[in-house]
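*Asks:* Below are the structure tokens for one structure; questions will follow.
The values are calculated or read from the model by the stated rules, or taken from the named source; none is laboratory data. As the structure is a prediction and not an experimental result, all values here were calculated from the model. Note: ideal-geometry Cβ built from the backbone for every residue, glycine included; neighbour counts use all protein chains shown. Accessible surface is based on the protein model in full, side chains and every heavy atom, while ligands, DNA and RNA are left aside. Shrake-Rupley method; radii C 1.70, N 1.55, O 1.52, S 1.80 Å.
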Amino acid sequence: MTCFSSQLYDGDSENTNLAGTFCGSTIPAPFISSGNFLTVQFVSDLTLEREGFNATYTIMDMPCGGTYNATWTPQNISSPDSSDPGVPSSICTWVVDAPPHHQVKITVWVLQLSSQDCTQNYLELRDLPQVLDLLSFVQSIDAEMSSQAPKVDEMLDDHYSV
């Protein structure tokens, strides 16, 4: 008996979100990753009696989102034009990264969404205080207990999950 499958992960390894598992001869629909990584895994019991699979891949512009480096020069980000029927509904995530010892300032100039209740259409701004608190926690423990590094790791595992 021949057994093989292909698995598609939306990310940079098999530890990311499984987007699909495909076997047999049904060709899956095209898939677009949510970011700049896509992992394809082929699994076989080494008794292939058929061809396996062939696929093509290419890059494409992301409709929105991405990771950006903050600079002293203001930069713009914007949501996709929702009046364009070619743009499906989407969740867009931008990560703006500043150099160490700097902050990111964002100024929203236009906000026009169809709903006021924030259940379906909304803009969400997030700071990552958990990461900053964790870094501060690690630095203070490291300064006090630098000779006990294994215990610091155990304490972090007990109190924080990333």
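*Asks:* List, please: which pairs have Cβ atoms under 7 Å, are six or more places apart or on different chains, and start with a residue in segment 61-73 that is closer than 16 Å to His102 by Cβ and end with one that is open to solvent by 100 Å² or more (accessible area, probe 1.4 Å) and outside any strand (DSSP E or B)?
*Replies:* Tyr68/Gln75
*Asks:* Take the residues in segment 87-116 that are under 20 Å from the mean Cα position of the chain (by Cα) and open to solvent by 100 Å² or more (accessible area, probe 1.4 Å), then tell me which one is modelled with the highest pLDDT.
*Replies:* Ile91
This table checks each residue for (1) in a loop (DSSP other than H, G, I, E, B); (2) open to solvent by 40 Å² or more (accessible area, probe 1.4 Å); (3) without any contact (Cβ under 8 Å) to a residue 12 or more places away in the chain.
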residue	(1), (2), (3)
Leu8	no, no, no
Glu14	yes, yes, no
Leu18	no, yes, yes
Thr21	no, yes, no
Thr26	yes, yes, yes
Ala29	yes, yes, yes
Ser33	yes, no, no
Phe37	yes, yes, no
Val40	no, yes, no
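*Asks:* Could you list, in sequence order, the residues of segment 57-74 that are part of a loop (DSSP other than H, G, I, E, B) and more than 27 Å from Leu8 (Cβ to Cβ)? Full working, then the answer.
*Replies:* Of segment 57-74, the ones part of a loop (DSSP other than H, G, I, E, B) are 57-65, 70-74.
Within segment 57-74, Ala70, Thr71, Trp72, Thr73, Pro74 meet the criteria.
*Asks:* Please tell me if Ile77 is in a loop (DSSP other than H, G, I, E, B), modelled with pLDDT of 85 or more and closer than 30 Å to Leu128 by Cα.
*Replies:* So Ile77 fits the description; yes.
*Asks:* Here's another thing I want to ask about it. Modelled with pLDDT of 80 or more and open to solvent by 100 Å² or more (accessible area, probe 1.4 Å) - does that describe any residue in segment 139-162?
*Replies:* No; the residues of segment 139-162 include none that is modelled with pLDDT of 80 or more and open to solvent by 100 Å² or more (accessible area, probe 1.4 Å).
*Asks:* Which residues, taken from segment 117-137, are part of a loop (DSSP other than H, G, I, E, B), over 26 Å from Asn76 (Cβ atoms) and at pLDDT below 80?
*Replies:* The answer is Asp117, and nothing else.
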